[in-house]
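The values are calculated or read from the model by the stated rules, or taken from the named source; none is laboratory data. Being a predicted model, the structure only gives us computed values, none of them experimental. With ideal geometry, Cβ positions are generated from the backbone for all residues, glycine too; neighbour counts draw on all protein chains shown. What goes into the accessible areas is simple: the full protein's heavy atoms, side chains included, and nothing from ligands, DNA or RNA. Shrake-Rupley method; radii C 1.70, N 1.55, O 1.52, S 1.80 Å.
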Amino acid sequence: MMTTKNIIDGITKWTEENICSKITLKVPDDEANDGRYTVSRVNPAAFPLYVPGSDRLPPNVPAPVPSVCVQLLEGSDNGGIRKMKMRYCLSVWTPGEHPGEKFYPQEDPTSMFGVKYIHKPEEEHYHRNSDGWMELYNLQDIALSELHGAGFFEGVRIDETEPISFGPFTEEGAIWDYYPYWYGYITFTVVCGVPLHTNEKIRKML
């Protein structure tokens with residue numbers, strides 16, 4: 001039986017397996033972001049409805065960010081078909097380029113282009129910059145690709161009659177500026193069949 005809870009839980013699980021597993025992002029440490037900081041990366045977490053505070057995280061999640069929060073914006077139900085407009089809230093953290101993240105060109109006659117790229121950690125230093133939006137949109141592009149290819153999943157299907165929308169969060173027309181945190185969203189609509197008399201069955205379960 002497809003209840004609202006089942007749908008949200010299912011989409012969250014699908015998001016973790018098909019989107020979050022395909023990228024690693026930096027774990028925040030606002031107290032250490034200079035050259036002495038060895039950055040760590042993890043797969044973003046997937047949360048239903050709300051991003052929990054640091055004191056309420058699951059044991060295997062190091063921080064609320066990076067994450068994808070699966071939210072229900074609105075829904076409609078005609079007694080047999082249920083539509084739900086969903087939103088992904090995407091969040092990443094990066095204050096700049098840390099040691100070990102930069103590639104250097106090196107001549108390589110065996111390469112098609114005559115060059116290869118290598119790490120030189122001993123020559124690298126932390127560089128503060130405002131390029132964190134790149135990692136946000138890398139995550140966003142993965143999510144968009146997976147949603148477009150999803151079809152029928154976890155008991156629902158993407159409603160292809162409704163557009164998938166995305167962008168940065170804004171306030172009064174200005175993009176959120178919470179450097180070194182970066183936020184964006186994706187909205188999409190899912191549709192599924194709902195058996196008649198679902199409300200009666202739910203009451204019996206309570």
Worksheet entry | Set of aspartates and glutamates near K13 by C-alpha distance (under 12 Å), chain-local residues within fewer than 8 positions excluded | E154
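To the nearest 0.05, what FRET efficiency results for A63 and K22 with a Förster distance of 25 Å applied to their C-beta separation?
Details: r = 19 Å, r/R0 = 0.77.
Using R0 = 25 Å, I get an efficiency of 0.85.
If I take R0 = 22 Å and measure r between the Cβ atoms of Q106 and V42 in this structure, what FRET efficiency does the formula 1/(1 + (r/R0)^6) give, to the nearest 0.05?
Values: r = 30 Å, r/R0 = 1.35.
Computed FRET efficiency for Q106 and V42: 0.15.
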Worksheet item: For the stretch 43-87, which whole-number percentage of the solvent-accessible area (1.4 Å probe, protein heavy atoms only) is attributable to carbon and sulfur atoms?
Response: 51
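Gain in length, Y179 to S145, computed as 0.36 nm per residue apart minus the alpha-carbon separation, to one decimal in nm?
Numbers: separation 34, 0.36 × 34 = 12.24 nm, distance 2.67 nm.
Answer, rounded to one decimal: 9.6 nm.
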Worksheet item: Going by accessible area, probe 1.4 Å, with all protein chains left in place, what is the ranking of K5, K83, K22, largest first?
Response: K5, K22, K83
Worksheet item: Residue by residue, what Karplus-based ³J(HN,Hα) values in Hz, rounded to whole numbers, does the stretch 166-182 have, using 6.51, -1.76 and 1.60 with θ = phi - 60° and x for Gly and Pro?
Response: 7, x, x, 6, 10, 9, 6, x, 9, 5, 3, 10, 10, 2, x, 9, 9
